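Scroll down for the structure; my scribbles are underneath it.
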Amino acid sequence: MVTVAPPQPATCELWSYALHLPYDPRAPRIARRTLRAVLTEHGLRGLADPAELLASELVSNAYRHSAGPSGLRLRALGGGRLRMSVWDTDPRIPPPFDQGPGPGSRPFGPVAVPPDGESGRGLFLVSHYADDWGGRPLDDDLFGQSGKLLWCEFGTSPSAVEP
């Protein structure tokens, strides 16, 4: 018996993963570990450290500021670029994500954090490491989910992509 399969590309440039996270304090750690495994398998190990930092901040905020589940979605944009989105049940969009789409509507450089501020450093890190970010409220969808979606995009230098 002979089995014939269509040829598979050596590496798949475009992919997407979604992780549903329960309302649980372990969710950020699980998101980081999953993220590292995905990036390693797709030859993007050079993105793992900043991606873990950003995922940790966004998923931690989802846990801290909502009372329900959250979701992490990873999407390769090609050329070593990644879009990370985090959904949660709280409809309020925090600064700087509330400033509208696109880099033209953002302040120059990372979002400022008051030195005596007790919070906001996580979103400072996101604004520092991400090339672009945004947020949008979600109305009730077909499955009754609402809340918000925060996203960020970042990329790599060619040396960060493994052959």
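Given the criteria under 14 Å from ASN61 (Cα atoms), at pLDDT 70 or above and in contact with a helix residue (DSSP H, G or I) (Cβ under 8 Å, 6 or more places away or on another chain), does PRO91 qualify? Full working, then the answer.
Numbers: under 14 Å from ASN61 (Cα atoms): yes; at pLDDT 70 or above: yes; in contact with a helix residue (DSSP H, G or I) (Cβ under 8 Å, 6 or more places away or on another chain): no.
No.
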### Query
Does ALA5 qualify as being at pLDDT below 95, among the aliphatic types (A, V, I, L, M), open to solvent by less than 100 Å² (accessible area, probe 1.4 Å) and over 23 Å from ARG81 (Cβ atoms)?
yes
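Here is a yes/no grid of residues against (1) at pLDDT 95 or above; (2) among the basic types (Lys, Arg):
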{"site": "HIS20", "(1), (2)": "yes, no"}
{"site": "ARG45", "(1), (2)": "no, yes"}
{"site": "ASN61", "(1), (2)": "no, no"}
{"site": "ARG64", "(1), (2)": "no, yes"}
{"site": "GLY68", "(1), (2)": "no, no"}
{"site": "LEU72", "(1), (2)": "yes, no"}
{"site": "ARG75", "(1), (2)": "yes, yes"}
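The values are calculated or read from the model by the stated rules, or taken from the named source; none is laboratory data. The model shown is predicted, which means the values in this text are computed figures rather than measured ones. Here Cβ is always computed from backbone atoms with ideal geometry, including for glycine, and neighbour counts include all displayed protein chains. All accessible areas refer to the heavy atoms of the entire protein, side chains included, with ligands and DNA or RNA removed. Shrake-Rupley method; radii C 1.70, N 1.55, O 1.52, S 1.80 Å.
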